[in-house]
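Okay, structure first, notes after.
No lab work stands behind these numbers, since they all come straight from the coordinates. A quick note: this is a predicted structure, and the numbers were derived from the prediction, not measured. Because the Cβ atoms are built from the backbone with ideal geometry, glycine has one as well, and the counts that use them run over all protein chains shown.
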């Protein structure tokens, strides 16, 4: 995927491998860097709760057929995961 380094050198580049680092004992920041100037761009933040929910989502999505109960559970997990990650981005994203 091509992106432009809006906050740095303004060059266009393909997103390289994502990098992860821990902000504290629980919160992990995932980001990428512009290969030309090194400007960092956040992709997402997770904590232990978000990572556990993501594991559950992946387990459900790996099934070929979901029951109605599993479909509801998947929607609930997905909604919760999005809310947690949005909260983490709000708290840790502006640095």
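Quick one: angle between helix 48-61 and the longest Cα principal axis of the chain, in degrees between 0 and 90, rounded to 10, please. So the inclination is approximately 60 degrees. Shown is the FRET efficiency for residue 15 and residue 83, computed with R0 = 22 Å from the Cβ-Cβ distance and rounded to the nearest 0.05: 0.30.
Of the peptides 72-79, 12-19, the ranking by mean beta-carbon count within 10 Å, highest at the top, reads 72-79, 12-19.
The relative contact order of the chain comes to 19 percent, based on Cα pairs under 8 Å that sit 6 or more residues apart.
Convex hull volume of the C-alpha atoms in the range 18-67, normalised per residue: 85 Å³.
Rg and Dmax of the chain, both derived from C-alpha coordinates alone, stand at 16.4, 50 Å. Listing 46, 4 from fewest to most neighbouring C-beta atoms within 10 Å gives 4, 46.
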